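Below: the structure, in structure tokens.
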Amino acid sequence: MSAFYEIANYWGVAILLLVGLHGMLARPNLMRKLMAMNIFQVAVILFYLSFAEKTGASTPVAPHGLLHPLAADFINPLPHALMLTAIVVGVGTTGVGLALLVSIYRRYETLEEPELLEKMRRENA
Amino acid sequence: MNDTRPLWAVLVSLAAVGPILLSDKRPNLREAWSFIAAALKFGFVVSLLPAVLAGGTPECKLLDLAPGIALHLRADPAGMVFALLASTLWIVTTLYSIGYMRGGKSPHQTAYFASFAVCVSSAIGIAFAANPLTFLLFFELLTVATYPLVVHNRSEEAVRGGRKYLAYTFIAAQCLLVAVVWSTFLVPGATFQAGGFLAASGATPAQLRILLLLFMIGIGVKAAIMPLHGWLPAAMVAPTPVSALLHAVAVVKAGAFGCVRVLVFIFGPSLLREIGMDWLIASVAAATIVGGSLRALGEDNLKRRLAYSTVSQLSYIVLGAALGSPAAIAGAIFHIAAHGFMKITLFFCAGSIYTRTHYTEIAQLAGLGKRMPITMGAFTLAALGLAGTPLLAGFVSKWNLALGAIHSGNEVFVAILVLSAFLNFAYFFPIVYTAFFEGDKGETVRFDETHVAVWLPPALTAVAALALGMFPDFFWSFYTLAWTAAKAATGLG
Amino acid sequence: MRSLSWIAVLFTGVVLFYTAPSLPPIGDPESPASSHVSPYYIENSVSDMATPNLVTTVVTDYRGYDTLGETTVIMTAGLACLLILGFWTPMRRHPTETDRLSFGSPVLDAAARLLVPYILLFALYVLFHGHHSPGGGFQGGTLLAAGVILVRLVRGRDCGWGVDREQAVRLACSGAFLYYAVGLITMLMGHLFLDYSKLPLPLTAAMRRNMGILGVEIGVTVAVAGTMILIFDCLHATPHEDREAEVSAERAGAEGHT
Amino acid sequence: MMQPLDTMFLALLIVIAVAALEAGDLLAAVILFGAFSFFSATFYALVGALDVAFTEAALGAVIATVFFVSAIRRSSKAARKRAR
Amino acid sequence: MLLDAVPFQDTIGLAAQLIRRAMPAMVLIPLGAAMLSPILAARSPRAARFFGGGALLLNFFLSLLVSNLVWWQGPIHYHFGGWAPPIGIEYSVDAVGAMMAPLVAFFALLSFASASRLEKEWTPSHGGAFQALYLLLSAGLMGIVVTGDLFNLYVFLEISSLSTYALVAAGEDRAKVAAFRYLIIGSVAATFWVFGLGYLYALTGTLNMADMAERLPAVIGSRAAVAGLAFIVAGLAIKMALFPLHGWQPDAYTYAPPGAMPFISAIMAKVSAYALFRVLYDVFLKAGPAGEALELLGWVAALSILAGSVLALGQRDIRRMLAYSSVAQIGYVLLGFSIGNAFAVTGALLHMVNHAVMKSCCFAALGAFRAKTGRADVDGVAGLAKEMPWTAAAFTIAALGIIGIPPLCGFFSKYYLIRGAVQASAWPFVAVFGVSSVLGTVYFFRIIESLYLRSADQGAKREIAPLSVIAPALLLAGLVLALGVFSQDVVGNFVPIIVGAGGPS
């Protein structure tokens, strides 16, 4: 059982990643693609946080007055720092994506990919 | 020892391109530039002649093209033959072009003269190239520069001809590129060497055979060896001076010259025999000689008949280079010059006839011999020469080729040469006959030549062909040069 | 397209499930990730920069240049939205009748009046206490933006409470530039970019680093807050012609009822 | 550590994620998506990443969701009905 | 006065020291300019334009200085915040970086003039956002080139990606759909990069390239290392638009505003290819999975070359055709990396430079045609050679260069690539190069025919193309020729450093 838990997070991450990837590529609705993108990124964040974990260690904030913390007592802060970046980047990308969607909708009045392609094709002809 | 004259010989016409393009609105100035460049180029090339005859090879190395491979120009005897031919004929062709183009009020003349200058530069570059990469550089430049000439008319047919030309030459260019790269890989930094440089490469015979095939496809397209000749008749839509240039001066001749370079200077006769490819190449060449002549017989259009004649004649050169005996090689190299003078005469004549009468079919020529005696006289002379009549230039090369065939033990090719001579007579004689002995006897015959710039060039080249036949070393020392190269290649020198 | 994406998903899945077991087990203190570089951060950040929040030290100092990039990403996103959607209707400092079309209701208004000051205050706390507890520039900036956005939601879409759109652009850019400037100062003084220990402050090296962190955190806060407001405004604003149509439709509806 | 709890939470996250992508109405999907963000923030806190959790809660659960909602409002008339 | 007292040698040393210290400014200058320009643009758009242009000019000069110093004294390292790697973030410029950095800076500068001019025509005023994003794009790409840290690379990848999405979207209406598709695919790519990096970090515990290269051999046999590499390669392959993953690129290239296009088309894919080069050669040192990945990538690249060329044949729209041609040409670069001997790698690196120049020349010339007639399809440019002889000549030269006609620069990179393939006896790849060139001839000569041989459509709109659009095309055409003729000077200067003693001699 413990062997399962040792990497259980990775299985979860893998499933979440696939759900997100599939949503991004195969969903016809553009808004959902964007949501799937966020799910995809959450999976990556979970992945980083999972391998940052350290048994018997606590949150990477040193208690007040502790001048020389020991490495074994605190979780690896580096992945946390990196994922802070990833979250912010993700929200930024989402914002840009939504801005694009709003302007696409204004022009074509749809966010369904097949319908959108159809409209563009008709316009081209 | 850097002698920059080969470089100047190449550059002078390239440098003329700018002024030619800028003088678009002033035809006289434009043609003056062409003439000045042609004269300078001829001067540079001829000034190299004494040194080469004395056994030297003036050369210059410029910037590196690739690691260990410089842009290397060198005037060796074989290259001199081609360079002399191209630079001489450029002058004549320029004169003729002015007459022809202005006479026909042809459009796009600036583009024509500019491309022409680039073509001649590339031809000289091909002649003087000392290593495969330099050769490739000028060869490809020639390919591109010829395209505007082929599509000169801008007609639907011209565009189609241009496409065909591009398709053939660019596919060939890839083969040539691979072959050149491969050869520089086998022998890094090699320069052309009489007798070939690949013998020491250590490659297996099978590899060498593939390499040779790549080379022959790459260059053979320009030389119009039989299965690869399709573009040449299609390119006949171009104006006559262009055809003259294609056939006699630059393009096809560059292909033939390239075959000599590959067979004699990259592979060398002995290696060729070793890998057993000499006989194959010679056979293909022989087949082209006969096949081209037969196709020529079947054509009623004058220019197309001349085109197939070229297909046939150029394979003499390939045949000689493939046979590999001294006389054969000498004959092949001499034929480069001889065929140049004779074929350009024929095309000039075809052009003159066209400007005067707009006739293109052979049957239309009836009685023309009396209206245009100089033109048709020159035509007859050149036709006889091509067929190999003694006292004309063609005889010298064929005699040597036949000798070479016997020396190399392939007597069967002598038979081919004889057969070809008959076929040559067979397709030229009707033209001459129609022009001089057919037509209305009762019609009043009057002298009706065109402008002097149109009839003088063929007359000059015909006389030159005659002179070369009687004195093979006349002025340009073609014969000596050819033999020098041949002896060096076969180890006799 | 559909089948292609299934293939991509399948392929990724195979790679994931095939390779996950060979990763170091979760929670292993001896795993390379926990034993190579990170111990340095844990053991030295208190003495290096007098900051107990290890994540903050990594984010803003040890890997401070990443965070400058990240702040720039945020700014880029804001400018991208601006370029794509642009300014449509001008904003008003004070709400007019039409601004109240969607959300305006007394209850919401009163709730917002009550909440917003606390949100903003909390934002500042998060920012300044980021050295000692979870929090810092990104969180603080987000909360600031959340406060402003709440007012926007309650008061109507074109309300320019707090900052208007032009100001939001300038906030986003100048916040990022503040971060940049802290690094630039040390660079211009002949030291390395972002080397806070060389800041011209009359303090110990660790405290100078501490102050440097505070400086960049403020920059991040301003940039994040400005950008989030900017993106919201771009997404939320109404194009001019739509707005005219909506207002007239509303009027027509109101007249129909009476 | 609390591995079983972690795993349960992960399973919950996956379920919400699928639900958010499958929900019929776009607005409902967005709300589920907000919930997903929120639960993932909780999960981050569980594994000890308080800073990340805080950021995800503020940025992912609040701001991103608000962005989604306003974007949907602006592209709603037809899009909401046909959303799938 | 002060300098007089210092001996000459010391002055040089001082300058070198100064350049070392200023190296990160290659990224920081455009970055800072981007932050300030919206603020400045609110007061005076004109001043903001000059400011942006000045920043890029300064940046270009600095990148030249840095390259020279690298050629002279070897790689330059810079530690941000005074933290030595692997604790902190490092910038490191080696010989290849010294080649890429001026390239990025040059193209950023070159298309800035036409971009800022066309901006006025193509987008309404957005408070200097267009210009700021353009500067951010160049900062982001430069950051990818000079960074020595794998996560920092991701951050700058995102800066460049986000700004590209917006710049692409600033084009026609359809550009927004193209940009959205690009955003989705681009996010997949970037996330794959982070995910793969996560694997590598979990195995080695470091993010610094050099440090990771040291620690990787111990764990190279692990399946996780293979997965990490696979994700990173997949992410970059998307960014490079290799064949099965190229879907976003043609639309993005077609509908983007012509001002930004020469820059994006020239540099984006090259920078990703360069990142791939660094991962495969600097981090993995071609060991273990990297060698296998390279072998596999060779076939992918070959497929990309053929598919890109074939797809380009079917396009009427020249922009789309050029985009597919880029799919093929980036395959050349990758194939060179894959073959992996000194000649092939030289060819691949040289082709990055050459193709950037040639393709951006094509796009610049096309932008000028389009400014004149408003069309960008093969029929639309009919007969333009008469009215725009110089621009048409520039386009022709660039096209011939891409086909590989000597002495234009495209020939020489092809020469090295084929030389490398012949040396490795990789005959199928040799054939691929040949076939691609022939196909290139077909699709480019269709345009050249149209330009020169067909007569112009009389009814079409005719406006005067601005000089700021034509001049870059001419300059680039000159470069196509110069880089070809003097290719040995280029190769001789940096390639021996790259490939070490075993390089071409």
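Throughout, read-outs are computed from the coordinates displayed, never taken from laboratory work. Just so it is clear, the model here is predicted, and its values are computed rather than measured. All Cβ positions, even for glycine, are placed from backbone atoms using ideal geometry, and neighbour counts span all protein chains on display.
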Item to complete: Return, for the Cα atoms of the stretch B:5-490, the radius of gyration and Dmax in Å, separated by a comma.
Response: 20.9, 73
Item to complete: Give the angle, between 0 and 90 degrees and rounded to the nearest 10, that separates the Cα long axis of helix D:3-22 from the longest principal axis of the Cα atoms of chain D.
Response: 10
Fill in: Share of Cα-Cα pairs in the stretch E:312-505 lying beyond 26 Å, as whole percent
33
Discussion item. In whole Hz and in residue order, list the ³J(HN,Hα) couplings for the stretch C:193-200 that follow from phi through the Karplus curve 6.51 cos²θ - 1.76 cosθ + 1.60, θ = phi - 60°; x for Gly and Pro.
Written reply: 4, 6, 7, 5, 5, 9, 5, x
Item to complete: Find which of E:318, E:258, E:340 sits farthest along the positive direction of the dipole of the stretch E:228-356, computed with +1 on the beta-carbon of Lys and Arg, -1 on that of Asp and Glu, about the Cα centre.
Response: E:258
Practice prompt. Mind listing the long-range amide H neighbours of residue B:70? Cut-off is under 5 Å, sequence gap 5 or more, other chains count too, H placed in the peptide plane at 1.01 Å from N.
Written response: B:65
Worksheet item: In whole percent, what relative contact order does the stretch E:312-505 give with Cα contacts below 8 Å and a gap of six or more residues?
Response: 32
Response to the item:
Between the alpha carbon centres of the stretch E:40-98 and the stretch E:199-224 the gap in Å comes to 28
Item to complete: Return the Cα extents of the stretch B:341-465 along principal axes one, two and three, sorted largest first, each rounded to a whole Å.
Response: 55, 28, 21
Item to complete: Sum up the lysine pairs in the stretch E:312-505 that clear both bars: alpha-carbon distance under 21 Å and a spacing of 8 or more or different chains.
Response: 5
Discussion item. Among D:19, C:228, B:351, whose Cα projects farthest towards the positive end of the dipole of the protein assembly as shown, with charges put on the beta-carbon of Lys, Arg (+1) and Asp, Glu (-1)?
Written reply: B:351
Worksheet item: How big is the gap, in Å, between the Cα center of the stretch E:338-409 and the Cα center of the stretch C:176-243?
Response: 42
Practice prompt. May I have the extent of the alpha carbons of chain E along their three principal axes, as whole Å values ordered from largest to smallest?
Written response: 68, 61, 46
Practice prompt. Report the equivalent ellipsoid semi-axes for the stretch B:54-123 in whole Å, largest first, defined as the square roots of five times the eigenvalues of the gyration tensor built from alpha carbon atoms.
Written response: 33, 17, 6
Worksheet item: Which value, in Å³ per residue, describes the convex hull spanned by the Cα atoms of the protein assembly as shown?
Response: 194
Item to complete: Determine ³J(HN,Hα), in whole Hz, for all residues of the stretch B:467-474 in sequence, where each value follows from phi through the Karplus function 6.51 cos²θ - 1.76 cosθ + 1.60 and θ = phi - 60°; x replaces Gly and Pro.
Response: 4, 5, x, 7, 10, x, 8, 3
Worksheet item: Taking the Cβ of residue B:256 as the center, what net charge do the other residues with Cβ under 14 Å away carry, scoring Lys and Arg +1 and Asp and Glu -1?
Response: +4
Worksheet item: Can you give the Rg and Dmax of the stretch D:3-82 based on its C-alpha atoms, in angstrom?
Response: 14.0, 45
Worksheet item: How large is the helix-only mean residue ellipticity at 222 nm for the protein assembly as shown, computed as the sum of -39500 (n - 2.57) over DSSP H runs with n ≥ 4, divided by its residue count, in deg cm²/dmol to the nearest 500?
Response: -25000 deg cm²/dmol
Worksheet, complete the sentence: Calc'd 3J(HN,Hα), the stretch A:101-118, phi into Karplus 6.51 cos²θ - 1.76 cosθ + 1.60 (θ = phi - 60°), Hz, glycine/Pro = x, comes to 4, 4, 6, 5, 4, 4, 8, 10, 6, 7, 10, 8, 4, x, 5, 4, 4, 4
Practice prompt. Using label points projected 7 Å from each Cα along Cα→Cβ, tell me how many nm separate residue B:280 and residue C:40, to one decimal.
Written response: 6.4
Fill in: Charged-residue dipole, Cβ positions (Lys, Arg, Asp, Glu), the stretch D:3-82 about Cα centre, Debye nearest 20
660
Fill in: Given charges at Cβ of Lys, Arg, Asp, Glu: the stretch E:132-219 dipole, positive-most of E:147, E:196, E:208
E:196
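What is the calculated FRET efficiency for residue E:218 to residue C:207, with r their C-beta to C-beta distance and R₀ = 25 Å, to the nearest 0.05?
0.05
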Fill in: Number of Lys pairs (Cα under 26 Å; 8 or more positions apart or on different chains) in the stretch B:5-490
29
Fill in: Between the stretch B:64-130 and the stretch B:295-316, the alpha-carbon center distance in angstrom
24
Response to the item:
To the nearest 20 debye, the protein assembly as shown has a Cα-centred charge dipole, built from +1 on Lys and Arg Cβ and -1 on Asp and Glu Cβ, of 3360
